[in-house]
Structure formats: structure tokens, C-alpha cells
1. Between residues in region 262-280 that are within 22 Å of Gly224 (Cβ to Cβ) and open to solvent by 60 Å² or more (accessible area, probe 1.4 Å) and residues that are in a loop (DSSP other than H, G, I, E, B) and modelled with pLDDT under 70, which pairs lie under 8 Å by C-beta distance while being six or more apart or on different chains?
2. Only one residue in Val131, Val185 is assigned to a strand (DSSP E or B), surrounded by 14 or more Cβ atoms within 10 Å (Cβ to Cβ) and at pLDDT 95 or above, so which one is that?
3. Answer yes if at least one residue in region 216-228 is under 22 Å from Ser145 (Cα atoms), modelled with pLDDT of 95 or more and either open to solvent by 10 Å² or more (accessible area, probe 1.4 Å) or not in a helix (DSSP H, G or I) (or both), and no otherwise.
4. Just one of the numbered conditions (1) part of a helix (DSSP H, G or I); (2) open to solvent by 20 Å² or more (accessible area, probe 1.4 Å); (3) within 26 Å of Gly296 (Cβ to Cβ) is not true of Ile113; which one?
5. Output the number of the condition that Glu69 fails; it satisfies all remaining conditions of (1) modelled with pLDDT of 95 or more; (2) more than 19 Å from Gly170 (Cα to Cα).
6. Just the residues that are open to solvent by less than 60 Å² (accessible area, probe 1.4 Å) and on the phi > 0 side of the Ramachandran plot, please, taken from region 154-176.
7. What pairs come up if the first residue lies in region 177-191 and is at positive phi, the second is open to solvent by 20 Å² or more (accessible area, probe 1.4 Å) and part of a helix (DSSP H, G or I), and their beta carbons are under 9 Å apart, counting only those six or more places apart or on different chains?
8. Restricting to region 93-110, name every residue that is in contact (Cβ under 8 Å) with a residue 24 or more places away in the chain, within 21 Å of Tyr60 (Cβ to Cβ) and surrounded by fewer than 19 Cβ atoms within 10 Å (Cβ to Cβ).
Amino acid sequence: MTCGLSPLYHRCAGESDYHQILASQRQGELDMNETACDVGIAGLGSIGSSLALNIVNHGYSVAAYDRDEMALGALRLKIEGRSIEAGNSLSEFVSLLRLPRTVMILLPAGPPIGGVINALVPLLAPGDVVVDAGNSYFKDTDARSNMLAGKGIKLLGVGLSGRERGARQGASIMPGGSADAYDQVRLIFEDIATEVNGEPCVAYLGPRSAGHYVEMVYYGIENGVMQLIAETYYLMSRVLGLSDAAIQEVYALWTDSEVNSYLLGNVARRPPDNNGGIAGNLFEMIVDEATPNGSGRWASLEARALDVSTPTIDTAIAMQMLSSLEEGRVALRKLFIRRPIYYVGKLDILIEQMKRALYAGMILTFAQGLDLLRVASGVYKYDLALGYVARIWRGSIIRSPLLQSICDTLSVQPHLPNLLSDSRFAHCLGARRDDLRDVVRLSIEQGIPAPALTASLVYYDAHRKLTPDDPQVGTRHPGSRSRGNTRPGDAGARSSREREADGRICT
């Protein structure tokens, strides 16, 4: 390592003087490094600034940078008395960091992240770590990883779940890339991650783009579950004629059941709009739930590329693509318009079946996402441990008791080919398949689209092997509308004893 001393100095100074000044300069660099910041945050939007505050609250010092002066100024208002240094330029920002440097980038995927990485390259040195926490497309992450590796710089592609609140209070973190780079930031990540049962929701997932691939599938699952919840809303609103307040009461009750999830709780707690309803608010929530960077859409495309069946996720993405167009929004808003109610069945029984159908759809959506991860792990040599993935997701926006059950199952059967192959989940689905089938039939009879519930049923039937031992064989025939004297559209004509027996199977 040269220290910037000119050749002229070597000729004029004595050898002992040279070594003394060299030692003094190195000591100065070490002293400066001791006061430098532990990690840099480039990109101070709502998530970046929240993450910076989370990091400093755990005892680390942060260097912050954003080329938007307003974003930088907003953070300066929050950092009084905190261990955050703001850099006015990218070079000043890098100079504030401890060696070897760690730079986290929190910007939109695509050109914004690519531009910052390219600008950082001449300012960084071998051994430094770049953390791309911006939801990048996994193939972009692979290309950047190769480029930086050629310069001795290590890259981590990291998925974050929890949005602004998670970044501030504890996120679910999905890191992939250089194992050495992860070791360098592991303590910070474990400190800022949310915890479940005392375990931080973060773990090293695999090489190269493994982290961003897992995040991509995570968003696909989130989209699928959100669409399933939305369809139960459509059915309760337009078929049963329930008011928005009544639907929220139903969802509040459901949060104490098997279908409880963070997403459902969000809808149950949704504040009413100016008219006292939740329809408009829920509509915007569903429409805008899709990530602007298209991660869920990438998951659907990747499933096609790898010949993996993900119909529930695909349907959810298609509905969100429709909603991204103004004419699509107009069409979807029509779903919320009240209409005359023709349903004459028992509401409490049907609502119970909708809950059970939703649970089946949730299981099948997770099964599709995990199947995609299993296949991708082999194709891209990620060597993913799906049990680790499930553990991380327990602290994410898709968290639910179901996810804990999945985590427990994968800890015992790490190489499970599909959730439907597990006896417990097979029993749960078998006990609820008639509920799912009846709810889908009702949606068709009443002309109310329920595409994600329908796609989930198709996925289940395609994976189920009908045998003489199957209790459904011989009891219902294609085209039959109901059991016994059930009215058309009355999905709930089972005895309470049957439903209680089904419930015991899955508890």
C-alpha cells in the first residue's frame, strides 16, 4: 500500500525519517477509522431513513446519503443527538465509513440502484461490501455480483419485508450473496431484524441472487393471499349483502381462527371511509398492494420459465395488472356496487365455509411458492433451506399461524417435495376441499368472479389422486350442484357433526 509520499521525498529524507513518517501516517488512518461510521445508507426515502434510525438505535453509527437535498434535510431534522453523519456527496459519504466499508442501498430496483453501484465502484476498495436492499430483479443481482467480484468488492442482495414500519421497528430480512459479506454484516442484521420466539427473522440463504429470488417469491405469495382475502370480501358483500361494518366484524372474528394473518388483520382494522364503509379503502389497499417494482409479476414469469405451476399467484398478478390500468380500475370498482341479493341459504354456515375455503387457498398458495423455490434452488444452485425461508417469513407481512405450521413441518422434513405431500396438510386440505368447491360453485352460480379461489381448487384437484379410498369418489358426481336437499347456491348443508369432525382432523 502506498501512502501518497512522493518519490522526491524518498530521495531527500533519510531512511529512518521515512519509516517514522510512514508509521505516523498509518496510525492517523487507524485513528480516523476508529471514529468512522459502521455502515452507510444510500437512499433516504421512507424505508431508508427508517432503517438508518433502527440501526443507530441498536448502538451502531450510520453514514447517510441521498442526492435529493430534501430527503437529506428531512433526515437531518431527525438525527439530532444520534450517531448519524450525513454526506453531501457520494465521495464524502464513502469517506465517512469504517474499513472495510459496508454500504446499503435502498433505492427503487433497476437504473437507480445500478447507477449508484456504478458510481460507488471507483470509490470502494477490495474487501468492501455493497448491500442491495432495493428489491432488484435476481438476474440483475447476478450480473452486478459478477462485476463487483472482479474488483474484489462483495455484494449482498437482500430482501426486506415490513415496509416503513418494519424498517423502523424490525424487518424480516432475506440475504443472499457472498457468505463472507454476510459474516461482515451478520450482527447488524440480527440486531435490526424482528424476532419471533426469540429468534431473529434473518438467515443467510445462499450464493449470488438467492436472497432476491426468495424475496420475489415472497411477494408472489403475498399477492396471492391478498387476492384470496379480497374474493371473500366480494362474495360476502355482493352475494350475502353484508355491509362493510358487518364484513369487518366477520374478519375480526376470523383473526382468532386458523386464517389469522397480518394481511387479514389489516383489513379487519381498516378504518371506515367518510361514508362509514371500507369498500373504497379496501379497494385501494388491494389495488396498491402490488409492489411497484413488479416482484410478484417476476415470480409468475419465473414459474413459467421453470415449468412450475403457480395458478393462484398467476391469477392474483393478472388481477393486479388489470387494476394498474384505469379502465381496469373502473371494472374492478363495479364489483363493489351493491345489487339485489338472491341467496337464500344460511349465512352463518356459508361464512364458515368461506373461512375454511380461504384457509385451503392459503395453504395452496404457500405450496405453490415453496415449490417454485424448491425447483429454482436446484436450477440456480442456491441450495436453499426452505425451513430457513419459512423462519424468516414468520416476521414478514405474510406472517400467520399457518406459516408457523409450515416452518414446523419443514424443520422435520427439510426435503419435502410439496406441502401437499405432508400428511397433516393433506388432511387439512381434504377436510376443506368441499368447502372450497362449494364456495367456487356459489361464485359461478351468482356471477361473482373468484378467480384465485378457483385457481386454488384447480391446483388441488390436479395434485390429488382419486382412488376408491378417496371419500369423495362415489359421493359426488361431476355436475351435481349440492348435497341432498341443499338449495342451489347453499354451500353449507353439512351437519354440525360433520364439520366438527373435519375440524378435529386439523387441530
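The values are calculated or read from the model by the stated rules, or taken from the named source; none is laboratory data. What you are looking at is a predicted structure, and each value in this text was computed from that prediction instead of being measured. Counting neighbours? That spans all protein chains shown, and the Cβs are built from the backbone with ideal geometry, glycine included. Heads up: the accessible areas ignore ligands, DNA and RNA and are worked out on the full protein's heavy atoms, side chains in. Shrake-Rupley method; radii C 1.70, N 1.55, O 1.52, S 1.80 Å.
1. Within 8 Å, the pairs are Arg270/Ile278.
2. Values: Val185 fails: assigned to a strand (DSSP E or B).
Result of the check over Val131, Val185: Val131.
3. no
4. So Ile113 meets the others, but not (2).
5. Evaluating Glu69 over (1) modelled with pLDDT of 95 or more; (2) more than 19 Å from Gly170 (Cα to Cα) leaves (1) as the failure.
6. Kept after step one, since they are open to solvent by less than 60 Å² (accessible area, probe 1.4 Å), are these residues of region 154-176: 154-162, 166-167, 170-176.
Across region 154-176, the qualifying residues are Gly162, Gly170.
7. Every condition considered, the pairs that remain are Gly177/Ser145.
8. Arg98, Leu99, Pro100
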